[in-house]
Amino acid sequence: MGPAIIKTQLKDIVQRVRNCKSAQEERKFVERECAKLRKNFNTKSGHEKCIALTKLLYFYILGYPAHFGQMECLALISSTRFVDKRIGYMGCTMLLDENADVHIMVTNSIQNDLIHGSAPVRSLALSTLANICSSDMARALAPSVKVLLKDDACVVVKKAALCSHRMISKAPELADMFLPCIKSLLNSCDLGSQLCGCTLAITMCEINESFIEKIKDLEALQITCKSLRSVAEY
């Protein structure tokens with residue numbers, strides 16, 4: 001492992017920033033560290049990249065530019081190690097938005113993780129998608145997200161429902177695709193899933209009033225009232 005990266009951990013960087021006597025001193029320190037990070041991002045070690053990216057994200061939180069870390073985020077989410085994916089997806093959520101130029105590459109990586117065998121990995125992909133989803137990403141990934149609305153893991157179902165909310169907001173024509181999923185969400189034994197179903201139904205009605213009648217046909221109101229009575233009597 002490269003000594004330049006491993007010698008200083010994130011906690012050391014935080015302490016050194018706090019020890020700076022002035023804004024100018026802090027700025028010069030961050031500039032020096034960012035120059036080191038640019039060089040060390042070329043390493044092949046995923047562990048080193050994780051440490052380097054956490055430092056860069058800390059600098060970003062402080063208000064310094066960190067756009068050069070976007071490609072490193074993509075490299076980490078493509079890793080097979082969960083810890084790499086976790087840091088990579090956190091970086092994507094912070095450094096990317098729906099207008100980023102690297103969206104095509106992000107879409108491919110998220111697509112692969114949406115069908116991953118591990119529920120935590122699927123959850124990471126859904127959380128990131130819900131934050132950075134563009135209209136193009138919504139259209140490309142909607143079928144995979146719809147499948148996850150029937151996932152065995154409850155946490156994945158809830159994240160998929162909230163992701164669907166974002167997708168419909170970005171691409172309203174997808175509402176018809178997700179409409180049948182509302183009833184299963186409202187009928188769930190999990191209160192979180194029921195709330196997600198309500199949120200999804202409200203979003204559809206706000207986007208297009210014609211969905212009010214469609215949702216009535218799903219007996220959504222009756223199901224919701226029954227759930228509310230159960231909660232009140234609990």
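The values are calculated or read from the model by the stated rules, or taken from the named source; none is laboratory data. These numbers come from a predicted model, not from an experiment. Here the Cβ positions follow ideal geometry from the backbone for every residue, glycine too, while neighbour counts run over all protein chains shown.
When GLU33, GLU26 are checked against the criterion of being assigned to a helix (DSSP H, G or I), surrounded by fewer than 19 Cβ atoms within 10 Å (Cβ to Cβ), in contact with a helix residue (DSSP H, G or I) (Cβ under 7 Å, 6 or more places away or on another chain) and among the acidic types (Asp, Glu), a single residue qualifies: GLU26. For the criterion of being under 17 Å from the mean Cα position of the chain (by Cα), closer than 22 Å to ILE132 by Cβ and either charged (D, E, K, R) or surrounded by 14 or more Cβ atoms within 10 Å (Cβ to Cβ) (or both), LYS85 passes. For PHE178, the conditions (1) surrounded by fewer than 20 Cβ atoms within 10 Å (Cβ to Cβ); (2) more than 18 Å from THR128 (Cα to Cα) are fulfilled apart from (1).
For CYS50, the stated conditions do not hold, so it cannot be described as closer than 22 Å to SER135 by Cα and not assigned by the TED database to the domain that holds ARG139. Pairing each residue of region 216-234 that is in contact (Cβ under 8 Å) with a residue 12 or more places away in the chain with any residue that is in a helix (DSSP H, G or I) and among the charged types (D, E, K, R), provided the two are 6+ apart or on different chains, yields C-beta distances under 8 Å for LEU218/LYS183; GLU219/LYS183; ALA220/LYS183; ILE223/LYS183.
Here PRO143 clears all of (1) touching a helix residue (DSSP H, G or I) at 6+ places or on another chain (Cβ under 6 Å); (2) at pLDDT 95 or above except the condition numbered (1).
Residues in region 105-120 that are surrounded by fewer than 21 Cβ atoms within 10 Å (Cβ to Cβ) and hydrophobic (A, V, I, L, M, F, W, C): MET105, ILE115, ALA119. Applying the criterion of at least 2 residues that are among the small types (Gly, Ala, Ser) to the helices (runs of 4 or more DSSP H) found wholly in region 163-234 leaves 191-207, 220-233.
Scanning region 91-116 for residues that are outside any helix (DSSP H, G or I) and under 30 Å from LEU62 (Cβ atoms) yields a count of 7. One residue stands out in region 36-59 among those that are in a helix (DSSP H, G or I) and among the small types (Gly, Ala, Ser): the one that is surrounded by the most Cβ atoms within 10 Å (Cβ to Cβ), namely ALA52. Of all residues in region 128-164, those being of a type in the set (Ser, Thr, Tyr) and either surrounded by fewer than 16 Cβ atoms within 10 Å (Cβ to Cβ) or farther than 25 Å from ASN187 by Cα (or both) number 3. Consider region 17-47 and keep the residues that are among the small types (Gly, Ala, Ser) and either more than 29 Å from the chain's Cα centre (by Cα) or outside the structural domain of CYS92 (by the TED database) (or both). The one that is nearest to ARG86 (Cα to Cα) is ALA23. Only residues that are over 12 Å from the mean Cα position of the chain (by Cα) and under 15 Å from GLN70 (Cα atoms) were counted in region 109-157, giving 1.
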